[in-house]
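Read through the structure below, which is laid out as C-alpha coordinates, and then see the notes.
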Amino acid sequence: MPIIATAGHVDHGKSTLVQALTGRDPDRWAEEKQRGLTIDLGFAWADIGGHHIGFVDVPGHERFIKNMLAGVGAVDVALFVVAADEGWMPQTEEHLAVLDALDVRHGVVALTRTDLVDDELAELAAAEVEDRTAGTTLEGWPIVTVSAVTGAGIDALRSALADALAAAGPPRDIGRPRMWIDRAFVVGGAGIVVTGTLVDGPLRRGDTVALWPGGGSARVRTIQSHEMEVEAVPPGSRAALNLAGTDRSNVPRGTMLGTPAAFRSTQRLLVRLSPVRAWPEAVTDRGAYHLHAGTGHWPVRLRLLGAKQLTVPTPALMTIDTPVPLRMGDRFVIREVGRRVVVSGGLVLDPHPLRGTPDASAAATLERAMTETADERARALLEVRGLTSLAALDVDTGGGKVAGGVIVGDTVMTPDQAAATRRRLVALTADFHAAHPMRPGIPTATLASGASVASDVLDALVAAPDSGLVAEGATVRRTNFSLAWTPAHEAAWEEARRRLTAGALAVPRLSSLELDPEHQHARIRAGELIVVGDDVAYLPEQVEEIFARLADLGDGFTVGQFRDALGITRRHAVPLLEWLDAQGWTSRRGDVRTLRRRPT
(Lines give C-alpha, C1' and ligand atoms only; values in the text may rest on other atoms or scores of the structure.)
Protein backbone atom coordinates (compact mmCIF):
# COMPACT_ATOMS: atom_id res chain seq x y z
CA MET A 1 0.00 0.00 0.00
CA PRO A 2 2.33 2.79 -1.23
CA ILE A 3 2.17 6.37 0.06
CA ILE A 4 2.27 9.50 -2.09
CA ALA A 5 3.03 12.86 -0.43
CA THR A 6 2.31 16.24 -1.95
CA ALA A 7 4.78 19.13 -1.91
CA GLY A 8 4.75 22.64 -3.25
CA HIS A 9 4.09 26.33 -2.56
CA VAL A 10 1.02 27.50 -0.68
CA ASP A 11 -2.16 27.86 -2.78
CA HIS A 12 -0.76 26.03 -5.80
CA GLY A 13 -3.57 23.50 -5.68
CA LYS A 14 -2.18 20.50 -3.80
CA SER A 15 -5.33 19.71 -1.82
CA THR A 16 -7.59 20.37 -4.80
CA LEU A 17 -5.49 18.02 -6.89
CA VAL A 18 -5.65 15.27 -4.23
CA GLN A 19 -9.43 15.67 -4.13
CA ALA A 20 -9.61 15.39 -7.91
CA LEU A 21 -7.52 12.19 -7.80
CA THR A 22 -9.28 10.53 -4.87
CA GLY A 23 -12.72 12.11 -4.55
CA ARG A 24 -11.87 13.00 -0.94
CA ASP A 25 -11.15 16.41 0.57
CA PRO A 26 -7.91 16.02 2.58
CA ASP A 27 -8.49 19.22 4.57
CA ARG A 28 -9.91 18.08 7.92
CA TRP A 29 -10.25 21.27 9.95
CA ALA A 30 -12.99 23.92 9.73
CA GLU A 31 -10.33 26.65 9.75
CA GLU A 32 -8.69 25.08 6.72
CA LYS A 33 -11.96 25.15 4.80
CA GLN A 34 -12.74 28.71 5.91
CA ARG A 35 -9.32 30.02 4.90
CA GLY A 36 -8.85 27.79 1.85
CA LEU A 37 -5.44 26.94 3.29
CA THR A 38 -3.99 23.62 4.41
CA ILE A 39 -2.67 24.00 7.95
CA ASP A 40 -2.02 20.45 9.08
CA LEU A 41 -1.54 17.09 7.40
CA GLY A 42 -4.42 15.74 5.36
CA PHE A 43 -5.05 12.18 4.23
CA ALA A 44 -6.93 10.52 1.38
CA TRP A 45 -6.73 7.35 -0.69
CA ALA A 46 -7.64 5.93 -4.06
CA ASP A 47 -6.97 3.06 -6.47
CA ILE A 48 -4.37 4.04 -9.06
CA GLY A 49 -2.82 1.71 -11.60
CA GLY A 50 -4.03 -1.37 -9.77
CA HIS A 51 -2.60 -0.15 -6.45
CA HIS A 52 -4.48 1.04 -3.39
CA ILE A 53 -2.67 4.32 -2.72
CA GLY A 54 -2.56 6.55 0.35
CA PHE A 55 -2.05 10.31 -0.07
CA VAL A 56 -0.50 12.60 2.55
CA ASP A 57 -1.34 16.20 1.77
CA VAL A 58 1.03 18.71 3.39
CA PRO A 59 0.69 22.47 3.99
CA GLY A 60 2.61 24.78 1.68
CA HIS A 61 2.68 27.96 3.76
CA GLU A 62 6.04 28.79 5.32
CA ARG A 63 4.41 29.11 8.76
CA PHE A 64 3.49 25.43 8.65
CA ILE A 65 6.72 23.99 7.29
CA LYS A 66 7.10 21.87 10.48
CA ASN A 67 3.82 20.18 9.65
CA MET A 68 4.97 19.67 6.07
CA LEU A 69 8.17 18.01 7.28
CA ALA A 70 6.13 15.69 9.50
CA GLY A 71 4.28 14.41 6.44
CA VAL A 72 7.05 13.54 4.01
CA GLY A 73 9.37 11.43 6.15
CA ALA A 74 8.06 8.02 5.04
CA VAL A 75 6.88 8.30 1.45
CA ASP A 76 7.46 6.17 -1.61
CA VAL A 77 6.56 8.76 -4.25
CA ALA A 78 6.12 12.54 -4.20
CA LEU A 79 3.60 14.62 -6.11
CA PHE A 80 5.38 17.93 -6.58
CA VAL A 81 2.96 20.71 -7.44
CA VAL A 82 3.79 23.97 -9.26
CA ALA A 83 1.08 26.41 -10.42
CA ALA A 84 1.47 27.30 -14.10
CA ASP A 85 0.16 30.84 -13.54
CA GLU A 86 2.62 31.65 -10.74
CA GLY A 87 5.63 29.47 -11.47
CA TRP A 88 8.49 28.81 -9.05
CA MET A 89 7.94 30.37 -5.61
CA PRO A 90 9.84 30.47 -2.27
CA GLN A 91 8.05 27.48 -0.75
CA THR A 92 8.44 25.58 -4.01
CA GLU A 93 12.19 25.88 -3.55
CA GLU A 94 12.05 24.92 0.13
CA HIS A 95 9.89 21.87 -0.52
CA LEU A 96 12.27 20.86 -3.30
CA ALA A 97 15.13 21.13 -0.78
CA VAL A 98 13.23 18.87 1.64
CA LEU A 99 12.57 16.17 -0.96
CA ASP A 100 16.16 16.35 -2.15
CA ALA A 101 17.49 16.15 1.42
CA LEU A 102 15.31 13.12 2.15
CA ASP A 103 16.51 11.48 -1.09
CA VAL A 104 13.00 11.04 -2.51
CA ARG A 105 13.91 9.69 -5.96
CA HIS A 106 10.52 8.86 -7.47
CA GLY A 107 7.68 11.17 -8.25
CA VAL A 108 5.77 13.35 -10.69
CA VAL A 109 5.62 17.12 -11.15
CA ALA A 110 2.07 18.37 -11.60
CA LEU A 111 1.87 21.72 -13.40
CA THR A 112 -1.49 22.89 -12.07
CA ARG A 113 -4.01 25.63 -12.89
CA THR A 114 -3.31 25.34 -16.60
CA ASP A 115 -6.88 26.51 -17.23
CA LEU A 116 -5.65 29.99 -16.21
CA VAL A 117 -2.80 30.23 -18.79
CA ASP A 118 -2.31 29.71 -22.49
CA ASP A 119 -0.19 26.91 -23.98
CA GLU A 120 2.86 29.10 -24.41
CA LEU A 121 2.93 30.15 -20.76
CA ALA A 122 2.41 26.54 -19.69
CA GLU A 123 5.42 25.51 -21.78
CA LEU A 124 7.53 28.26 -20.20
CA ALA A 125 6.45 27.12 -16.71
CA ALA A 126 7.39 23.53 -17.55
CA ALA A 127 10.78 24.64 -18.84
CA GLU A 128 11.39 26.56 -15.62
CA VAL A 129 10.58 23.44 -13.59
CA GLU A 130 13.08 21.41 -15.63
CA ASP A 131 15.72 24.05 -15.04
CA ARG A 132 15.03 24.38 -11.30
CA THR A 133 15.03 20.64 -10.60
CA ALA A 134 18.29 19.96 -12.46
CA GLY A 135 20.93 18.48 -10.17
CA THR A 136 18.41 17.31 -7.56
CA THR A 137 16.61 14.04 -6.95
CA LEU A 138 13.67 15.54 -8.87
CA GLU A 139 15.66 15.85 -12.09
CA GLY A 140 14.00 13.90 -14.89
CA TRP A 141 10.63 13.51 -13.17
CA PRO A 142 7.76 13.66 -15.70
CA ILE A 143 5.93 16.98 -15.81
CA VAL A 144 2.18 16.62 -16.33
CA THR A 145 0.00 19.66 -17.08
CA VAL A 146 -3.33 19.43 -15.26
CA SER A 147 -6.38 21.41 -14.23
CA ALA A 148 -8.31 20.17 -11.23
CA VAL A 149 -11.14 22.52 -12.24
CA THR A 150 -11.69 21.18 -15.79
CA GLY A 151 -10.26 17.69 -15.19
CA ALA A 152 -7.74 18.11 -18.01
CA GLY A 153 -4.65 15.93 -17.54
CA ILE A 154 -5.96 14.08 -14.47
CA ASP A 155 -5.93 10.70 -16.23
CA ALA A 156 -2.41 11.37 -17.52
CA LEU A 157 -1.35 12.28 -13.97
CA ARG A 158 -2.79 9.00 -12.64
CA SER A 159 -0.84 7.11 -15.28
CA ALA A 160 2.41 8.96 -14.46
CA LEU A 161 1.93 8.29 -10.74
CA ALA A 162 1.36 4.58 -11.46
CA ASP A 163 4.64 4.50 -13.42
CA ALA A 164 6.47 6.24 -10.55
CA LEU A 165 5.06 3.75 -8.06
CA ALA A 166 6.19 0.85 -10.22
CA ALA A 167 9.67 2.36 -10.47
CA ALA A 168 9.82 2.82 -6.69
CA GLY A 169 9.08 -0.85 -6.12
CA PRO A 170 7.41 -2.43 -3.10
CA PRO A 171 7.96 -0.88 0.35
CA ARG A 172 10.94 -2.29 2.24
CA ASP A 173 10.19 -5.06 4.73
CA ILE A 174 13.03 -5.98 7.11
CA GLY A 175 10.73 -7.30 9.83
CA ARG A 176 11.32 -4.32 12.13
CA PRO A 177 8.17 -2.20 11.95
CA ARG A 178 8.27 1.40 13.08
CA MET A 179 5.77 4.20 12.76
CA TRP A 180 6.28 7.87 13.49
CA ILE A 181 3.05 9.16 14.98
CA ASP A 182 1.50 12.19 13.26
CA ARG A 183 -1.83 12.24 15.12
CA ALA A 184 -3.10 11.01 18.49
CA PHE A 185 -6.64 11.35 19.79
CA VAL A 186 -9.14 9.70 22.11
CA VAL A 187 -12.14 7.80 20.79
CA GLY A 188 -15.01 7.30 23.24
CA GLY A 189 -15.27 3.69 24.33
CA ALA A 190 -12.02 2.73 22.57
CA GLY A 191 -9.30 4.89 24.09
CA ILE A 192 -6.10 6.15 22.47
CA VAL A 193 -5.80 6.07 18.68
CA VAL A 194 -2.59 7.04 16.87
CA THR A 195 -2.01 7.39 13.15
CA GLY A 196 1.07 7.35 10.97
CA THR A 197 2.81 5.69 8.05
CA LEU A 198 4.16 2.23 8.86
CA VAL A 199 7.58 1.32 7.42
CA ASP A 200 10.11 -1.52 7.53
CA GLY A 201 7.75 -4.29 8.64
CA PRO A 202 4.16 -5.34 9.34
CA LEU A 203 2.10 -4.86 12.50
CA ARG A 204 -0.60 -7.23 13.74
CA ARG A 205 -3.42 -6.94 16.19
CA GLY A 206 -2.16 -7.95 19.62
CA ASP A 207 1.47 -6.93 18.98
CA THR A 208 3.36 -5.21 21.78
CA VAL A 209 5.15 -2.05 20.69
CA ALA A 210 7.68 0.19 22.43
CA LEU A 211 7.41 3.99 22.42
CA TRP A 212 10.26 6.46 21.89
CA PRO A 213 11.53 8.88 23.11
CA GLY A 214 9.29 8.90 26.17
CA GLY A 215 9.63 5.18 26.83
CA GLY A 216 7.03 2.70 27.89
CA SER A 217 5.11 0.26 25.79
CA ALA A 218 1.61 -0.43 24.53
CA ARG A 219 -0.42 -3.21 22.96
CA VAL A 220 -2.09 -2.87 19.56
CA ARG A 221 -5.74 -3.52 20.37
CA THR A 222 -7.15 -2.92 16.87
CA ILE A 223 -5.90 -1.65 13.50
CA GLN A 224 -7.64 0.39 10.84
CA SER A 225 -6.29 1.25 7.42
CA HIS A 226 -8.27 3.62 5.23
CA GLU A 227 -11.30 3.32 7.52
CA MET A 228 -11.34 -0.49 7.36
CA GLU A 229 -10.54 -2.67 10.37
CA VAL A 230 -7.85 -5.23 9.58
CA GLU A 231 -5.94 -7.95 11.42
CA ALA A 232 -2.57 -6.81 10.11
CA VAL A 233 -1.11 -3.96 8.11
CA PRO A 234 1.92 -4.22 5.80
CA PRO A 235 4.83 -1.74 5.58
CA GLY A 236 4.17 1.31 3.45
CA SER A 237 0.61 1.71 4.79
CA ARG A 238 -1.27 4.46 6.50
CA ALA A 239 -2.59 2.99 9.73
CA ALA A 240 -4.67 3.96 12.73
CA LEU A 241 -3.78 1.95 15.82
CA ASN A 242 -5.96 1.66 18.90
CA LEU A 243 -3.43 1.29 21.73
CA ALA A 244 -3.93 -0.22 25.15
CA GLY A 245 -1.63 0.37 28.10
CA THR A 246 -0.72 4.00 27.47
CA ASP A 247 -2.33 7.44 27.46
CA ARG A 248 -2.32 10.42 25.15
CA SER A 249 0.47 12.23 26.98
CA ASN A 250 2.87 9.42 25.99
CA VAL A 251 2.18 9.60 22.25
CA PRO A 252 2.41 13.19 20.97
CA ARG A 253 3.36 13.88 17.34
CA GLY A 254 7.01 12.98 16.97
CA THR A 255 6.73 9.78 19.01
CA MET A 256 7.94 6.64 17.28
CA LEU A 257 6.51 3.21 18.00
CA GLY A 258 8.20 0.04 16.93
CA THR A 259 9.38 -3.45 17.78
CA PRO A 260 10.82 -3.63 21.31
CA ALA A 261 14.61 -4.13 21.37
CA ALA A 262 14.85 -3.30 17.63
CA PHE A 263 15.71 0.37 18.26
CA ARG A 264 17.67 2.36 20.81
CA SER A 265 17.74 6.08 21.47
CA THR A 266 20.70 8.37 21.01
CA GLN A 267 21.63 11.95 21.82
CA ARG A 268 24.85 12.05 19.81
CA LEU A 269 25.21 11.20 16.13
CA LEU A 270 27.89 11.23 13.46
CA VAL A 271 26.19 12.45 10.28
CA ARG A 272 26.82 13.74 6.80
CA LEU A 273 25.32 17.18 6.21
CA SER A 274 24.61 18.64 2.78
CA PRO A 275 23.77 22.31 2.17
CA VAL A 276 20.65 23.38 0.31
CA ARG A 277 21.16 25.64 -2.66
CA ALA A 278 18.73 28.31 -1.43
CA TRP A 279 20.92 28.99 1.61
CA PRO A 280 24.54 28.37 0.64
CA GLU A 281 27.03 28.67 3.49
CA ALA A 282 24.20 29.24 5.98
CA VAL A 283 25.24 26.45 8.35
CA THR A 284 28.00 26.99 10.92
CA ASP A 285 28.66 25.65 14.40
CA ARG A 286 27.11 28.74 15.98
CA GLY A 287 23.57 28.63 14.61
CA ALA A 288 20.36 27.63 16.37
CA TYR A 289 18.88 24.63 14.59
CA HIS A 290 16.12 22.04 14.80
CA LEU A 291 16.51 18.46 13.66
CA HIS A 292 13.44 17.11 11.80
CA ALA A 293 13.22 13.33 11.57
CA GLY A 294 10.12 11.24 11.10
CA THR A 295 7.27 13.36 12.42
CA GLY A 296 9.31 14.94 15.22
CA HIS A 297 11.59 17.90 15.62
CA TRP A 298 14.08 18.76 18.37
CA PRO A 299 16.73 21.42 19.09
CA VAL A 300 20.14 20.24 17.98
CA ARG A 301 23.73 21.46 18.24
CA LEU A 302 26.01 21.02 15.24
CA ARG A 303 29.76 20.69 15.04
CA LEU A 304 31.15 20.58 11.53
CA LEU A 305 34.20 18.35 11.19
CA GLY A 306 36.95 19.90 9.08
CA ALA A 307 35.03 22.98 7.94
CA LYS A 308 33.80 26.29 9.34
CA GLN A 309 30.83 26.58 6.97
CA LEU A 310 28.72 23.98 5.20
CA THR A 311 29.47 24.63 1.52
CA VAL A 312 29.79 21.00 0.39
CA PRO A 313 28.67 17.69 1.93
CA THR A 314 30.57 17.50 5.21
CA PRO A 315 30.67 15.15 8.21
CA ALA A 316 29.36 16.63 11.43
CA LEU A 317 28.67 15.71 15.03
CA MET A 318 25.11 16.34 16.23
CA THR A 319 24.09 16.57 19.88
CA ILE A 320 20.42 16.45 20.91
CA ASP A 321 19.01 17.02 24.39
CA THR A 322 16.13 14.62 23.75
CA PRO A 323 17.01 10.96 23.06
CA VAL A 324 15.76 10.00 19.59
CA PRO A 325 15.48 6.52 18.02
CA LEU A 326 17.60 6.93 14.89
CA ARG A 327 19.80 4.36 13.18
CA MET A 328 22.43 4.18 10.46
CA GLY A 329 21.08 5.36 7.09
CA ASP A 330 18.17 7.42 8.46
CA ARG A 331 17.65 10.74 6.73
CA PHE A 332 16.68 14.03 8.31
CA VAL A 333 16.36 17.76 7.66
CA ILE A 334 17.98 20.65 9.54
CA ARG A 335 16.00 23.86 9.91
CA GLU A 336 17.43 27.13 11.17
CA VAL A 337 15.36 28.61 13.97
CA GLY A 338 16.12 32.26 13.24
CA ARG A 339 15.37 32.31 9.52
CA ARG A 340 12.77 29.54 9.91
CA VAL A 341 14.04 27.86 6.75
CA VAL A 342 15.46 24.48 5.78
CA VAL A 343 19.23 24.91 5.51
CA SER A 344 20.53 21.35 5.30
CA GLY A 345 19.71 17.71 4.81
CA GLY A 346 21.55 14.86 6.40
CA LEU A 347 22.22 11.16 6.67
CA VAL A 348 23.00 9.27 9.90
CA LEU A 349 26.40 7.56 9.60
CA ASP A 350 26.83 6.35 13.18
CA PRO A 351 24.01 6.72 15.71
CA HIS A 352 26.36 6.04 18.62
CA PRO A 353 29.84 7.38 17.75
CA LEU A 354 32.75 6.83 20.11
CA ARG A 355 33.66 9.51 22.61
CA GLY A 356 35.75 12.36 21.33
CA THR A 357 35.77 13.80 17.84
CA PRO A 358 35.39 11.30 14.98
CA ASP A 359 37.95 11.65 12.21
CA ALA A 360 37.25 12.11 8.53
CA SER A 361 38.37 8.59 7.66
CA ALA A 362 35.71 7.10 9.96
CA ALA A 363 33.00 9.15 8.27
CA ALA A 364 34.31 8.16 4.83
CA THR A 365 34.31 4.45 5.76
CA LEU A 366 30.72 4.64 6.93
CA GLU A 367 29.56 6.71 3.99
CA ARG A 368 30.94 4.15 1.52
CA ALA A 369 28.85 1.47 3.23
CA MET A 370 25.59 3.40 2.88
CA THR A 371 24.78 1.88 -0.51
CA GLU A 372 25.61 -1.65 0.69
CA THR A 373 23.70 -4.32 2.61
CA ALA A 374 22.97 -4.19 6.34
CA ASP A 375 25.79 -6.72 6.87
CA GLU A 376 28.26 -4.44 5.09
CA ARG A 377 27.08 -1.52 7.20
CA ALA A 378 27.66 -3.60 10.32
CA ARG A 379 31.17 -4.45 9.10
CA ALA A 380 31.90 -0.74 8.53
CA LEU A 381 30.53 0.20 11.96
CA LEU A 382 32.72 -2.43 13.60
CA GLU A 383 35.74 -1.18 11.69
CA VAL A 384 35.14 2.36 12.95
CA ARG A 385 34.25 1.44 16.53
CA GLY A 386 36.87 -1.26 16.97
CA LEU A 387 34.90 -2.85 19.80
CA THR A 388 31.13 -3.01 20.22
CA SER A 389 28.37 -5.52 20.85
CA LEU A 390 26.61 -7.75 18.36
CA ALA A 391 23.30 -6.43 19.71
CA ALA A 392 24.37 -2.82 19.05
CA LEU A 393 25.38 -3.61 15.47
CA ASP A 394 22.07 -5.38 14.91
CA VAL A 395 20.00 -2.46 16.21
CA ASP A 396 22.09 0.35 14.73
CA THR A 397 22.09 -1.12 11.21
CA GLY A 398 18.61 -2.60 11.13
CA GLY A 399 19.69 -6.24 11.24
CA GLY A 400 23.33 -6.25 10.16
CA LYS A 401 25.59 -9.16 11.15
CA VAL A 402 29.38 -9.50 11.08
CA ALA A 403 31.19 -12.66 10.06
CA GLY A 404 34.75 -11.71 11.03
CA GLY A 405 36.38 -10.20 14.06
CA VAL A 406 37.00 -11.58 17.53
CA ILE A 407 33.70 -12.51 19.16
CA VAL A 408 33.33 -13.20 22.88
CA GLY A 409 29.73 -13.61 24.01
CA ASP A 410 27.93 -10.50 22.77
CA THR A 411 31.15 -8.52 22.35
CA VAL A 412 32.87 -8.27 18.99
CA MET A 413 36.11 -6.50 18.11
CA THR A 414 38.31 -6.18 15.09
CA PRO A 415 41.56 -8.18 15.04
CA ASP A 416 43.48 -4.89 15.28
CA GLN A 417 41.45 -3.84 18.30
CA ALA A 418 41.95 -7.25 19.92
CA ALA A 419 45.72 -6.98 19.40
CA ALA A 420 45.77 -3.43 20.77
CA THR A 421 43.74 -4.52 23.80
CA ARG A 422 46.12 -7.41 24.46
CA ARG A 423 49.06 -4.98 24.33
CA ARG A 424 47.22 -2.76 26.80
CA LEU A 425 46.63 -5.72 29.12
CA VAL A 426 50.31 -6.70 28.97
CA ALA A 427 51.41 -3.12 29.68
CA LEU A 428 49.04 -2.76 32.64
CA THR A 429 50.21 -6.09 34.06
CA ALA A 430 53.87 -5.16 33.64
CA ASP A 431 53.28 -1.82 35.37
CA PHE A 432 51.60 -3.65 38.25
CA HIS A 433 54.56 -6.05 38.58
CA ALA A 434 56.94 -3.09 38.70
CA ALA A 435 54.90 -1.34 41.38
CA HIS A 436 54.16 -4.49 43.40
CA PRO A 437 56.98 -6.97 42.83
CA MET A 438 55.97 -9.07 45.85
CA ARG A 439 52.45 -9.76 44.56
CA PRO A 440 51.64 -12.69 42.27
CA GLY A 441 49.79 -10.56 39.72
CA ILE A 442 47.26 -7.85 39.06
CA PRO A 443 43.68 -8.52 40.22
CA THR A 444 41.51 -9.42 37.25
CA ALA A 445 38.88 -6.81 38.18
CA THR A 446 41.55 -4.09 38.28
CA LEU A 447 42.94 -5.20 34.94
CA ALA A 448 39.51 -5.32 33.28
CA SER A 449 38.67 -1.86 34.56
CA GLY A 450 42.01 -0.41 33.45
CA ALA A 451 41.61 -1.82 29.93
CA SER A 452 37.87 -0.96 29.76
CA VAL A 453 36.83 -4.48 28.82
CA ALA A 454 34.25 -6.87 30.21
CA SER A 455 35.47 -9.74 32.38
CA ASP A 456 34.58 -12.41 29.79
CA VAL A 457 36.52 -10.50 27.11
CA LEU A 458 39.49 -10.23 29.46
CA ASP A 459 39.39 -13.97 30.13
CA ALA A 460 39.31 -14.76 26.40
CA LEU A 461 42.18 -12.42 25.53
CA VAL A 462 44.36 -13.66 28.39
CA ALA A 463 43.65 -17.29 27.42
CA ALA A 464 44.90 -16.76 23.86
CA PRO A 465 48.16 -18.73 23.30
CA ASP A 466 50.10 -15.65 22.26
CA SER A 467 48.78 -13.28 24.94
CA GLY A 468 51.94 -13.31 27.07
CA LEU A 469 49.73 -13.50 30.17
CA VAL A 470 48.64 -16.19 32.62
CA ALA A 471 45.52 -16.16 34.76
CA GLU A 472 45.93 -17.67 38.21
CA GLY A 473 42.88 -17.56 40.43
CA ALA A 474 41.76 -13.95 40.74
CA THR A 475 45.00 -12.49 39.36
CA VAL A 476 46.83 -12.19 36.05
CA ARG A 477 50.62 -12.19 35.64
CA ARG A 478 53.14 -12.00 32.83
CA THR A 479 54.24 -15.46 31.67
CA ASN A 480 57.88 -14.60 32.47
CA PHE A 481 57.14 -13.18 35.93
CA SER A 482 58.09 -15.01 39.12
CA LEU A 483 58.36 -13.93 42.71
CA ALA A 484 62.08 -13.41 43.57
CA TRP A 485 63.28 -12.70 47.11
CA THR A 486 66.19 -10.31 47.46
CA PRO A 487 68.90 -10.86 50.07
CA ALA A 488 67.36 -8.03 52.10
CA HIS A 489 63.99 -9.79 52.05
CA GLU A 490 65.53 -13.09 53.16
CA ALA A 491 67.38 -11.42 55.99
CA ALA A 492 64.26 -9.63 57.20
CA TRP A 493 62.31 -12.87 57.10
CA GLU A 494 64.89 -14.81 59.07
CA GLU A 495 64.80 -12.14 61.76
CA ALA A 496 60.99 -12.26 61.81
CA ARG A 497 61.05 -16.09 62.17
CA ARG A 498 63.55 -15.82 65.02
CA ARG A 499 61.33 -13.39 66.91
CA LEU A 500 58.16 -15.43 66.26
CA THR A 501 59.74 -18.57 67.78
CA ALA A 502 61.62 -16.90 70.61
CA GLY A 503 58.64 -16.92 72.97
CA ALA A 504 57.18 -20.28 71.99
CA LEU A 505 53.49 -19.67 71.13
CA ALA A 506 53.35 -16.26 72.83
CA VAL A 507 54.30 -14.53 69.57
CA PRO A 508 55.02 -10.79 69.31
CA ARG A 509 52.60 -8.49 67.52
CA LEU A 510 52.65 -8.89 63.74
CA SER A 511 53.18 -5.16 63.28
CA SER A 512 56.32 -5.30 65.45
CA LEU A 513 58.10 -7.66 63.03
CA GLU A 514 58.87 -4.66 60.77
CA LEU A 515 58.23 -6.47 57.50
CA ASP A 516 57.31 -4.04 54.72
CA PRO A 517 53.64 -4.49 53.71
CA GLU A 518 54.36 -5.98 50.28
CA HIS A 519 56.84 -8.46 51.76
CA GLN A 520 54.45 -9.40 54.57
CA HIS A 521 51.52 -9.96 52.17
CA ALA A 522 53.72 -12.09 49.94
CA ARG A 523 54.68 -14.37 52.86
CA ILE A 524 51.02 -14.67 53.84
CA ARG A 525 49.99 -15.56 50.27
CA ALA A 526 52.81 -18.11 50.13
CA GLY A 527 51.46 -19.77 53.30
CA GLU A 528 54.65 -19.01 55.26
CA LEU A 529 52.78 -16.79 57.70
CA ILE A 530 49.26 -17.50 58.97
CA VAL A 531 47.23 -14.59 60.32
CA VAL A 532 44.74 -15.75 62.96
CA GLY A 533 43.49 -12.38 64.18
CA ASP A 534 44.11 -8.69 64.47
CA ASP A 535 47.89 -8.26 64.68
CA VAL A 536 48.39 -11.96 65.57
CA ALA A 537 50.15 -14.39 63.22
CA TYR A 538 51.96 -17.74 63.48
CA LEU A 539 54.33 -19.81 61.43
CA PRO A 540 52.84 -23.00 59.89
CA GLU A 541 54.77 -25.24 62.27
CA GLN A 542 53.44 -23.27 65.24
CA VAL A 543 49.87 -23.75 63.99
CA GLU A 544 50.53 -27.51 63.78
CA GLU A 545 51.70 -27.46 67.40
CA ILE A 546 48.51 -25.63 68.42
CA PHE A 547 46.42 -28.33 66.70
CA ALA A 548 48.36 -31.03 68.53
CA ARG A 549 47.82 -29.43 71.95
CA LEU A 550 44.05 -29.25 71.39
CA ALA A 551 43.86 -33.00 71.94
CA ASP A 552 45.11 -32.59 75.52
CA LEU A 553 42.35 -30.16 76.42
CA GLY A 554 39.32 -32.42 76.03
CA ASP A 555 35.80 -31.00 75.75
CA GLY A 556 34.36 -28.08 77.63
CA PHE A 557 37.45 -25.90 78.07
CA THR A 558 37.38 -22.17 78.73
CA VAL A 559 39.46 -19.34 77.33
CA GLY A 560 41.51 -19.35 80.52
CA GLN A 561 42.21 -23.08 80.33
CA PHE A 562 43.20 -22.74 76.67
CA ARG A 563 45.47 -19.80 77.51
CA ASP A 564 47.23 -21.67 80.30
CA ALA A 565 47.61 -24.89 78.31
CA LEU A 566 49.35 -23.06 75.43
CA GLY A 567 51.36 -20.68 77.61
CA ILE A 568 49.97 -17.59 75.89
CA THR A 569 48.19 -14.41 76.93
CA ARG A 570 44.53 -13.49 76.51
CA ARG A 571 45.66 -11.22 73.59
CA HIS A 572 46.65 -14.41 71.78
CA ALA A 573 43.96 -16.74 73.10
CA VAL A 574 40.80 -14.86 72.11
CA PRO A 575 41.59 -14.27 68.39
CA LEU A 576 43.20 -17.72 68.13
CA LEU A 577 40.07 -19.45 69.45
CA GLU A 578 37.83 -17.40 67.13
CA TRP A 579 40.04 -18.48 64.24
CA LEU A 580 39.82 -22.15 65.36
CA ASP A 581 36.01 -21.78 65.49
CA ALA A 582 35.98 -20.42 61.92
CA GLN A 583 38.27 -23.23 60.74
CA GLY A 584 35.97 -25.88 62.20
CA TRP A 585 38.33 -27.14 64.90
CA THR A 586 36.24 -25.91 67.81
CA SER A 587 32.71 -24.78 68.51
CA ARG A 588 31.59 -22.40 71.22
CA ARG A 589 28.64 -22.78 73.56
CA GLY A 590 28.45 -20.06 76.16
CA ASP A 591 31.85 -19.70 77.86
CA VAL A 592 33.18 -23.13 76.89
CA ARG A 593 34.37 -24.73 73.70
CA THR A 594 34.14 -28.26 72.38
CA LEU A 595 36.53 -29.96 69.98
CA ARG A 596 34.95 -30.71 66.60
CA ARG A 597 38.11 -32.14 64.99
CA ARG A 598 41.08 -33.94 66.45
CA PRO A 599 44.61 -34.06 65.10
CA THR A 600 45.44 -37.31 63.32
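The values are calculated or read from the model by the stated rules, or taken from the named source; none is laboratory data. Being a predicted model, the structure only gives us computed values, none of them experimental. Here the Cβ is made from the backbone with ideal geometry for all residues, glycine too, and neighbour counts use every protein chain on show. Keep in mind that these areas ignore ligands, DNA and RNA; they rest on the heavy atoms of the full protein, side chains included. Shrake-Rupley method; radii C 1.70, N 1.55, O 1.52, S 1.80 Å.
When peptides 200-209, 497-506 are ranked by their average number of other Cβ atoms within 10 Å per residue, the highest-first order is 200-209, 497-506. Here the chain has 50 percent of its accessible surface on carbon and sulfur atoms, given a 1.4 Å probe and all protein chains in place. Highest-first packing order for the peptide set 188-196, 88-96 is 88-96, 188-196, based on the mean count of other beta carbon atoms within 10 Å. Ligands, DNA and RNA are left out, and with a 1.4 angstrom probe the accessible area of the chain is 44 Å² per residue. For the chain, the relative contact order comes to 8 percent (Cα pairs under 8 Å, sequence separation of at least 6). Simple rule: put +1 on each Lys or Arg Cβ and -1 on each Asp or Glu Cβ in the chain, find the dipole, and look at His519, Ala84, Ala420; the Cα lying farthest toward the positive end is His519. Taking all protein chains together, Arg176, Arg286, Arg303 sort by accessible area into Arg286, Arg303, Arg176, largest first [probe 1.4 Å]. Relative contact order of region 520-600: 27 percent, from C-alpha pairs under 8 Å at least 6 residues apart in sequence. Legend: calculated FRET efficiency, Glu528 to Ala551, from the Cβ-Cβ distance at R0 = 30 Å, rounded to 0.05, equals 0.75. Can you give the FRET efficiency to the nearest 0.05 for Glu227 and Arg205, using r as the Cβ-Cβ distance and R₀ = 22 Å? It comes to 0.85. Using a cutoff of 8 angstrom between alpha carbon atoms and counting only pairs six or more residues apart, the relative contact order for region 496-563 works out to 25 percent.
Which entry in (i) 29.8; (ii) 27.3; (iii) 25.3 is this structure's computed Kirkwood radius over Cα pairs in Å? It is the one labelled (i).
Spin-label pair Val187-Glu541: with each label point 7 Å from Cα along the Cα-Cβ axis, the two points sit 9.2 nm from one another.
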